[in-house]
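Nothing in this text is a laboratory measurement; each read-out follows from the coordinates by a stated rule. Fair warning: this is a prediction, and the values are worked out from it, not measured in the lab. Cβ: placed from backbone, ideal geometry, glycine included. Neighbour counts: every protein chain shown.
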Amino acid sequence: MKIKTRRYYVYYLLKALIFLVGLIPRKAGLMLASFLGKAAFMLLRGYRDTTISNLDEALGRDPRRNTLIAEGVFRNLAKNGAEWIKLASSGREEVEAMVTEASGFEHLDRALAEGKGVILLVSHFGNWELLSIYLNLKGYKGTAVARRIYFHKYDRFIMRLRNRFGAQVLYRDESPRKLLKLLKSGGILGILADQDVDSVEGVFVNFFGKSAYTPAAPVRFGMVTGASLVPAFMIRKPDDTHKLVLEKPLVLLRGPDREEALKLYTRAWTDVLEKYVRQYPEQWVWMHQRWKTRK
């Protein structure tokens with residue numbers, strides 16, 4: 001009961017924050033978010049320690065550098081939140097103005113032209129929610145696979161925001177047949193597949209030199225349907241605008257050993273993610289316990 005009551009307190013605090021940020025210009029909202037992100041870094045000791053510990057493991061121990069990166073992680077997430085709030089009352093032009101660079105549409109177009117569907121490989125990096133919204137506004141209508149939030153007020157709020165710009169959502173606990181049907185119809189399916197989720201099927205692949213349990217669903221769906229896998233990133237720039245990057249598709253070749261192929265292509269996708277995280281370490285959610293599952 002305490003947990004349930006606390007959720008309501010946090011929810012109404014969030015509503016008040018949404019009201020406040022909604023009243024001020026985007027730039028001022030981002031400045032406020034940066035301050036709140038730093039405050040969260042100072043106050044949320046458990047998440048802070050996990051973030052720094054993961055950075056030590058992945059990048060090598062360097063207290064000053066890793067502390068700065070960790071604080072940047074909290075600031076980026078807070079800015080994402082402020083941008084979410086602004087998106088709730090923004091129009092098309094305002095959303096498009098947030099993304100000042102975009103590359104790789106030719107890769108997505110070529111993959112879609114094959115008619116077998118596209119699996120958009122997304123990660124908890126940059127502003128991943130803006131990614132799907134922006135693509136929908138550009139005419140690339142897609143469906144995202146999301147985790148159901150078992151607190152109805154939070155879930156309804158997030159769903160309203162996604163649906164406002166045409167993004168569709170299927171929950172992770174729904175039937176896989178719905179996902180396969182969408183791909184077989186030639187649609188776009190966005191999957192977040194960069195975390196250690198022990199409740200879903202996965203394989204162990206190398207990530208920052210350590211064995212990481214990684215969801216295998218994107219590759220398995222691609223192998224079944226023939227859909228191409230396109231890694232996608234929405235990168236925050238120093239001026240707080242964004243750059244969309246659509247990578248070359250991972251074309252899945254069929255072979256006799258499907259389980260080995262599953263590991264091979266999951267490793268290939270993870271290598272792409274690692275390249276971006278190394279380049280922009282403050283934009284990935286290091287507070288997640290990425291290496292918790294052991295062989």
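For q values of 0.15, 0.20 Å⁻¹, compute log₁₀ I(q)/I(0) with the Debye formula on a Cα-only model of the stretch 44-183, without solvent.
-0.96, -1.26
What ³J(HN,Hα) values, in whole Hz, does the Karplus curve 6.51 cos²θ - 1.76 cosθ + 1.60 give for the stretch 57-65 when θ = phi - 60°, with x put for Gly and Pro?
In residue order, the calculated couplings are 5, 7, 10, x, 6, 8, x, 5, 4 Hz.
How about the stretch 22-92: which trypsin sites (Lys or Arg not before Pro) there lie in a loop by DSSP and see at most 12 other Cβ atoms within 10 Å?
Sites meeting the loop and neighbour criteria: ARG61.
List the longest stretch of the chain that has no exposed loop site; here a site is one of the GluC sites (Glu not before Pro) assigned by DSSP to anything other than H, G, I, E or B, with at most 13 other Cβ within 10 Å.
The answer is 1-173.
Considering amide H positions built from the backbone, and no H for Pro or chain starts, which residues 5 or more places from PHE165, or on another chain, come under 5 Å of its amide H?
none
Taking amide H atoms as placed 1.01 Å from N in the peptide plane, list the residues 5 or more away in sequence, or in a different chain, whose amide H sits under 5 Å from that of VAL99.
Counting only residues 5 or more places away or on other chains, the set is HIS242.
Taking only the alpha carbons of the chain, what extent do you get along each of the three principal axes, in Å, biggest first?
Extents along the principal axes: 55, 44, 43 Å.
May I ask you to derive the FRET efficiency for LYS138 and PHE35 from their Cβ-Cβ distance with R0 = 35 Å, giving the value to the nearest 0.05?
In this case the efficiency is close to 0.60.
Identify all lysines with a Cα-Cα distance to LYS141 below 24 Å; exclude those on the same chain that are fewer than 8 residues away in sequence.
LYS86, LYS116, LYS178, LYS181, LYS184, LYS243, LYS248
Report, in deg cm²/dmol and to the nearest 500, the calculated mean residue ellipticity at 222 nm for the chain, where each DSSP H run with n ≥ 4 adds -39500 (n - 2.57) and the sum is divided by the residue count.
The per-residue figure over the chain is -17500 deg cm²/dmol.
For the chain, what does the relative contact order come out to in percent, with C-alpha contacts under 8 Å and a separation of six or more?
Taking the mean separation of contacting Cα pairs over the length of the chain, I get 23 percent.
For the stretch 36-133, which chymotrypsin sites (Phe, Trp or Tyr not before Pro) pass both filters: DSSP loop (anything but H, G, I, E, B) and at most 13 other C-beta atoms within 10 Å?
Taking the stretch 36-133 and a limit of 13 other Cβ atoms within 10 Å, no loop chymotrypsin sites (Phe, Trp or Tyr not before Pro) are found.
Give me, ordered by chain and number, the residues 5 or more places off ASP194 or on other chains with an amide H under 5 Å from its own placed amide H.
HIS124
Name the aspartates and glutamates eligible as straight-distance cross-link partners of LYS295: C-alpha to C-alpha under 14 Å, and not fewer than 8 places from it in the same chain.
Candidates past the 8-residue exclusion: ASP196, ASP198, GLU201.
Taking 0.36 nm per residue of separation and subtracting the Cα-Cα distance, what length does fully extending LEU20 through ARG64 add?
12.5 nm
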